[in-house]
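One structure below.
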Amino acid sequence: MNATQPSSSRPRLAVYKFSSCDGCQLQLLELEDELLALAGEIEIAYFLEARRQVLPGPYDIGLVEGSISTPAEEQLIRQARKDCKVLVAIGACATSGGIQALRNWADVAEFAACVYARPEYIATLDVASPVAGYVYVDFELRGCPVNKYQLVEVLTALLMGRRPQIPTYSLCLECKRAGIPCVMVNRKTPCLGPITQAGCGALCPQFHRGCYGCFGPMETPNISSLCTQFEEKFGMSRAEIVRRLRGFNGYLEPFKTASDNYEQSSRT
Amino acid sequence: MSKAAEPNQRVIEVHNLARVEGEGALYLRMQGRDVAEVKFSIFEPPRFFEAFLRGRDCREVPDITARICGICPVAYQMSSCHAMEMAFGIKIEKTIRDLRRLLYCGEWIESHVLHMFLLHLPDFLNYESAISMASEHRDLVAGALQLKKAGNEIVRILGGREVHPINACIGGFHRVPTRSELEPVAEMLAGCRDFLVQALRFLATLKYPDLEMNYDFIALRHPEEVALNEGYLTTSRGLEFSITQFSDQIEEIHQRHSNALHARLKNGAIYLVGPLARVNINWDLYPQPIKELAREIGFQIPCHNQFKSILARGFETLYALDHSLELISRYERPERPATPFQPRAGIGHGCTEAPRGILYHRYEIDSEGLVRSATIVPPTAQNQPQIEADLAAYAPKLLDMPEDEMTRQCEFLIRNYDPCISCSAHFLRLKIERD
């Protein structure tokens, strides 16, 4: 960047954190080879994990990590929406509610009493929700965590004014393309790959284990077909199927309804 | 931001601490030259991990607890794997043990370098961030990014990805690497060593605020090696206990003034965990070349100045780098990636040295291998009372400064701890105070 160029001419980026582990926004800092170049192209206006300086909104792009799980967060996400021209939800928490959405099937008061000595001090909502449950979201980038190169693709596309190229097909395509032998066939290992969106690079099968669904459901998953295989070929119980579906993206449809159905049928 | 509440009274408040992992705040009230009240608050939303872990399969626990922290997922995976292995009586093979040390070294390197150069150093050099710092110290920032990348590369090769790696499991790994997969990492690491040594020489020349505290350090200690995954808990005042006695020796107290649960030793003493505690407790086990470098640059043990934790992190990073090279050079691929096991009912404890200090897990497992109860005590929660004690000792020295500088100095002190707030919040019994 030209040093004399006024900073306001660069697009302004804001990075927000809600209920989460920090891992998705950390992916920006994991871009060791691209970080300094990125900071030259974009004005990092609000990113508390990385810098103390806070520039006032409005912002051109807002990246939102985390689910909405407290009354305060509900207010903050509405403000973030007002402050950002384009709002992108990044990661499983922001796009599905994340692992903490397991509370959505439980009694939150009981959860609070289990973990906290003084549960009355805890301000929390009954459900942990994706960002889109509260405000309009321009784009959702899946993953637990997001793939940092997909994150660069989203930022690049938004800067260029085009739609991000993020595939919504299943992990199996990615896996086959990488020439990895199918773990279901070769290792008799249950794998959520057939119903999970691609994006991680088929990591788990590369490491000889089954996918556990970090990127959430693919565009049109045939969940019952896969789960029938789990039951018939691997002798998996319905309770275990429910656990598998209720992972890091368990509250996202159609995983949610499928897990509810299996839970109901395991009781009858 | 600072404001006058009443005559003679000054209040320093920072609502959103920057360059820390997670959401935290600071509240400090001075009465004249005395500290009347100090609160380091964690307002990170509760996520209830210990509650929803109940009923999950033991094999899922390392992957789930990793999600407590995106910066130190390996620590969570290691503490939970060790706890399960204790519960099930699983013995780990030597090569697998070495690979776990290597994985942990990768996390120490990436986490420490991120904190030292991108989050902490800007305080010493008076920049608001490493992004601003890079304009005048580009080589330093670029070198640090390469070193961080090398640490991450260890995690990526052994774990599949840097954040929430997927390869660690109870008994070992899903897949173990070949020698040739590890060798390029050794090359990357070796290429960063000179930078790190030079950077340590430079860091030693920084101006360190004068704040000597009478810390009681706690760290894992192992008779033969710098402890990462295994050892007994040792305090600098001479107490030693097994990790299974964690909750016999350490209690959590509800403090009225802060409404936060504070970890303390049963004798009432607060304590410090993390890099400074570890180098103080385990320095005799450090290799000679590292001790010589420390002597050359004037870093002395015992060291009771937390501002120098940046040097402690640096020496730990150097240890992790050299140790990684050693582990890679002697690596022979084990025949099986993990010890097979059958879950059984039992209780297991795991305590490992996360980048920020001891991370304790305890699980009770039922006969079907499902979790009955889970307890997780992360390092930043343990350090919280010490952070407040440091602030109370430091603030009176700052009274003659302009108020925004005083605020900045208090934030600087909190960043000495590399506080990992996402980790801590899920179990802290704290009142969420909002303005």
- Task: Taking chain B as the reference, fit the longest principal axis to its C-alpha atoms, fit the long axis of helix B:288-297 to the helix C-alpha atoms, and give the angle between the two in degrees, 0 to 90, nearest 10.
- Result: 10 degrees
- Using only helices, what value at 222 nm comes out for chain A when you add -39,500 (n - 2.57) per DSSP H run of length 4 or more and divide by the total residues, to the nearest 500 deg cm²/dmol? -10500 deg cm²/dmol
- Message: Based on alpha-carbon centroids, what's the gap between segment B:333-354 and segment B:154-177 in Å, whole number please?
- Response: 14 Å
- Whole-number percent relative contact order across chain B, with pairs defined as alpha carbons under 8 Å at least 6 apart: 26 percent
- At 20 Å minimum axial length over the Cα atoms and a Kyte-Doolittle cut of 1.6, report the qualifying DSSP H helices in chain A, or say none. none
- Note on the structure: Expressed in µm² per second, the diffusion coefficient of segment A:7-160 from the Stokes-Einstein equation, with Rh the Kirkwood radius over alpha carbon pairs, at 4 °C and 1.567 mPa s, is 81 µm²/s
- Message: How large is the translational diffusion coefficient of chain B in µm² per second when you combine the Kirkwood radius over alpha carbon pairs with Stokes-Einstein at 4 °C and 1.567 mPa s?
- Response: 59 µm²/s
- Note: A:239-247 gets an average of partner chain Cβ contacts (10 Å, Cβ to Cβ) equal to 2
- In segment B:318-378, the GluC sites (Glu not before Pro) that fall in loop regions by DSSP, at most 15 other Cβ within 10 Å: B:Glu332, B:Glu335, B:Glu368
- Taking a ≥ b ≥ c as the square roots of the Cα gyration tensor eigenvalues, with a/c under 1.5 meaning rounded and otherwise prolate when a/b beats b/c or oblate if not, the protein assembly as shown comes out rounded
- Query: By per-residue mean of other Cβ atoms within 10 Å, what is the highest-first order of B:376-388, B:163-175, A:235-247, B:280-292?
  - Reply: B:376-388, B:163-175, A:235-247, B:280-292
- Task: Enter the mean number of other protein chain beta carbons within 10 Å of the beta carbon of each residue in A:94-101, as an integer.
- Result: 3
- Query: So which residue, out of B:Phe48, B:Phe299, B:Phe195, gets the largest mean-square fluctuation from a GNM of chain B using Cα contacts under 10 Å as springs?
  - Reply: B:Phe48
- Note on the structure: Protection proxy (average C-beta count within 10 Å per residue), highest first, orders B:30-40, A:194-204 as A:194-204, B:30-40
- Note down the Stokes-Einstein diffusion coefficient of segment B:1-150 in µm²/s, whole number, using a Kirkwood radius over alpha carbon pairs, 20 °C, and 1.002 mPa s. 112 µm²/s
- Test item: B:160-170 mean partner chain Cβ contacts at 10 Å: 6
- Please give every one of the lysines within straight-line cross-link reach of B:Lys291, meaning a C-alpha to C-alpha distance under 19 Å, and leave out same-chain neighbours fewer than 8 residues apart. B:Lys308
- In the structure shown, of A:Lys17/A:Lys82; B:Lys94/B:Lys148; A:Lys148/A:Lys256, the pairs separated by more than 18 angstrom at the C-alpha atoms are B:Lys94/B:Lys148; A:Lys148/A:Lys256
- Query: Over segment A:7-160, what is the relative contact order in whole percent, taking alpha-carbon pairs under 8 Å and six or more residues apart?
  - Reply: 27 percent
- Task: May I ask you to order A:64-77, A:250-263 by the average number of other C-beta atoms within 10 Å around their residues, highest value first?
- Result: A:64-77, A:250-263
- Item | Sequence-distant lysines (8 or more away, or on other chains) whose Cα lies within less than 16 Å of A:Lys188 | A:Lys233
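Read-outs: derived from the displayed coordinates by stated rules, not from any lab. From a predicted model like this one, the values you see are computed outputs, not experimental measurements. Note that we place each Cβ from the backbone using ideal geometry, even for glycine, and neighbour counts take in every protein chain shown.
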